[in-house]
Amino acid sequence: MEDELPRVALLDDGELDDVRAALRALGVAHCDARRATIGEAVPILLSTPAQARALASGSGEAPPHHLHAVIAGGVEASGAPCDLELVRPIENSVLRLLTRRPELAASRERRLSTRVALGSPVWVSVGDDRREVTVSRISIGGCGLISPALLRTGAKVQIELPPELSAPRSLVLSGEVLGSREIATGDGVTFDVSVAFRALDLVDRVTLRALMARHAIDFRPATEGSSGRGDRGLRERAVLPARDRRRTQRRRFQQRVMGVIGGIAHVLLARDLSRGGLRVEWNERLAVGDAIKIAVFGAFDTAPLLAPAVVERNDDADGWFLRFCALEPAVEDRLDALIDTLAPLDLDL
């Protein structure tokens, strides 16, 4: 574990030793925040309420991070400044979701995205090494490459798309290699490489969507809980909905999310998503009227989408509906971007 880059930095004076033990048992690389490499970002910072208040007042130090979670020692939330506050006891399933987002969340979200087939040559740079490979498929979340050489899992890459694909502007996508699979062909051995993109800015996202609109949908693998009817209807491209339609149009979204009620965190299984809210599987810990903070985790190098919601009703077989409330503009924009990557339920699933 010492050879891995830490996923979690802990800022405390020994109060979080039980959390350290839990992370060690889960095999999650972690470090003391005070000993983290200067200038190196850590995805998650876990601290005590006292340390969070010190950071907020400018009297404390911590490495750059994407999510700051406070772990309180009492039975109620302390109100310390942070992104998420969790109250003990913390279930292992919560820590697992929080610290293993690439496997449990981001990769699943990317698999649910519509992909298009390409088969075009692109340039890939890994450090100072630059080589030509073929991009076989692409989605908003990532792409597949056919490479004559192995690309190491975890390698940071830059992919330069040719002008004929991205016109009228150039498009360079940064990402991380999720894995490579050796393929034997008549031309010898090649590697099918899966790449997850880092967060795209608005202009790159629009450019990539325009590129995808000009190509045929590749495939959409069956997902957990699907009816098995496969990708009926997905062969015809769906028109992206206008912003106002997102409020009511439900989109397929099967992914684990975190729900925090009064500091107690629970792992919930989402079923579908709209601009108005999130439908989740039935959970005995929820009750109508509960105020809940939803955390949707994406790629490990991005902050989670945090949205306040209210448990509005129980639709029995359809599970609970969590209605979003008082979303900030930045959260609305990120929610819109996420919804745009998902297929409407009527494309069926």
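The values are calculated or read from the model by the stated rules, or taken from the named source; none is laboratory data. None of the values given here were measured: they were computed from a predicted structure. Quick reminder, even Gly has a Cβ in these numbers, built from the backbone with ideal geometry, and neighbours come from all protein chains shown.
If the condition is being under 18 Å from ALA72 (Cβ atoms), over 24 Å from the mean Cα position of the chain (by Cα) and polar (S, T, N, Q), then the range 8-54 contributes THR48, GLN51. Residues in the range 130-167 that are of a type in the set (S, T, N, Q) and at pLDDT 85 or above: 4 in all.
Here SER180 qualifies as part of a strand (DSSP E or B), closer than 27 Å to VAL126 by Cβ and modelled with pLDDT under 85.
Of the residues making up the range 19-63, those that are assigned to a loop (DSSP other than H, G, I, E, B), in contact (Cβ under 8 Å) with a residue 40 or more places away in the chain and surrounded by fewer than 17 Cβ atoms within 10 Å (Cβ to Cβ) are ALA41, GLY60. Can ALA80 be described as small (Gly, Ala, Ser), free of Cβ contacts under 8 Å to residues at least 12 places away in the same chain, surrounded by 12 or more Cβ atoms within 10 Å (Cβ to Cβ) and not in a strand (DSSP E or B)? It is false that ALA80 is small (Gly, Ala, Ser), free of Cβ contacts under 8 Å to residues at least 12 places away in the same chain, surrounded by 12 or more Cβ atoms within 10 Å (Cβ to Cβ) and not in a strand (DSSP E or B). Those strands (runs of 3 or more DSSP E) of the range 249-305 in which at least 1 residues are in contact (Cβ under 8 Å) with a residue 12 or more places away in the chain, under 26 Å from PRO6 (Cα atoms) and of a type outside the set (Gly, Ala, Ser), considering only elements entirely within it, cover 251-261, 264-273, 291-296.
Residue check: is LEU55 of a type in the set (A, V, I, L, M, F, W, C) and under 18 Å from VAL296 (Cα atoms)? Criteria not met by LEU55. Return the residues of the range 132-169 that are over 11 Å from LEU211 (Cα atoms), surrounded by 13 or more Cβ atoms within 10 Å (Cβ to Cβ) and either more than 24 Å from the chain's Cα centre (by Cα) or without any contact (Cβ under 8 Å) to a residue 24 or more places away in the chain (or both); say none if nothing qualifies. Listed by number, the residues that qualify are VAL133, THR134, ILE146, SER147, PRO148, ALA149, LEU150, PRO162. Of ARG205, ARG251, which residue is closer than 18 Å to VAL296 by Cα, modelled with pLDDT under 85 and surrounded by 15 or more Cβ atoms within 10 Å (Cβ to Cβ)? None of the others qualify; the one that does is ARG251.
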